[in-house]
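The values are calculated or read from the model by the stated rules, or taken from the named source; none is laboratory data. These figures come from a predicted structure and were not determined experimentally. Note: ideal-geometry Cβ built from the backbone for every residue, glycine included; neighbour counts use all protein chains shown. For the accessible areas, the whole protein counts, side chains as well, though only heavy atoms, and no ligand, DNA or RNA atoms are used. Shrake-Rupley method; radii C 1.70, N 1.55, O 1.52, S 1.80 Å.
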Amino acid sequence: QVQLVESGGGLVQAGGSLRLSCAASGRTSSTFALGWFRQAPGKEREFVAAVSRSGGSTYYTDSVKGRFTISRDNAKNTADLQMNSLRPEDTAVYYCAAKSVVYSRSVDDYNYWGQGTQVTVSS
């Protein structure tokens, strides 16, 4: 079992920045790939970014490339999502998720989820 707790959401103006953090506990988090997903009202949950078990490889959906940066610290069991140049369309509940071994962009492949943190970007 892995428990995930997100923090760092909030309200920001367009063009601003936020940093989300995911704290993992339970089974050794370094055996899991970690991902960030988001869900806007009335829409399906979608992939945002993921980081490999070692932290050496990162993956992004096209709409956030160059603006968001995912990182992890296995010593602290944390995974962060630095979000810059935020846009109103980034408004959503952001979720941290974990899956064994190899990363995936599919919601259905992740076994463990946090409770989510709200990000609201005003225009």
Item to check | Ser106-Thr69 pseudo-label distance in nm [points 7 Å out on the Cα-to-Cβ vector] | outcome: 3.2 nm
Checklist entry - Accessible area per residue, 1.4 Å probe, Å², for the chain: what's the number? => result 49 Å²
Item to check | Rounded percent of accessible protein surface that carbon and sulfur make up, the chain, 1.4 Å probe | outcome: 45 percent
Item to check | Spatially proximal aspartates and glutamates relative to Lys43 (Cα-Cα < 17 Å; intrachain offsets below 8 disregarded) | outcome: Glu89, Asp90, Asp108
Next on the checklist: Explain nothing, just the number: dipole magnitude of the chain about its Cα centre with +1 on each Lys and Arg Cβ and -1 on each Asp and Glu Cβ, in debye rounded to the nearest 20.
Outcome noted: 200 debye
Checklist entry - Can you give the Kirkwood hydrodynamic radius for the chain, in Å, rounded to one decimal and based on Cα pairs? => result 14.1 Å
Checklist entry - Of all the C-alpha pairs in region 70-123, what % are more than 15 Å from each other? => result 60 percent
Item to check | Estimated vicinal HN-Hα couplings, Hz - region 6-16 in sequence order (Karplus 6.51, -1.76, 1.60; Gly, Pro = x) | outcome: 8, 8, x, x, x, 9, 9, 7, 3, x, x
Checklist entry - If you stretched the chain out fully between Thr120 and Ala23, how much longer would it get, using 0.36 nm times the residue separation minus the C-alpha to C-alpha distance? => result 32.8 nm
Next on the checklist: Using each residue's phi in region 108-115, evaluate 6.51 cos²θ - 1.76 cosθ + 1.60 at θ = phi - 60° and report the 3J(HN,Hα) Karplus result to the nearest Hz, with x for Gly and Pro.
Outcome noted: 5, 7, 8, 8, 10, 9, x, 7
Item to check | DSSP-loop trypsin sites (Lys or Arg not before Pro) across region 14-64, with at most 10 other Cβ within 10 angstrom | outcome: Lys43
Checklist outcome for this item: Ordering 55-64, 76-85 by per-residue average of other C-beta atoms within 10 angstrom, highest first, gives 76-85, 55-64
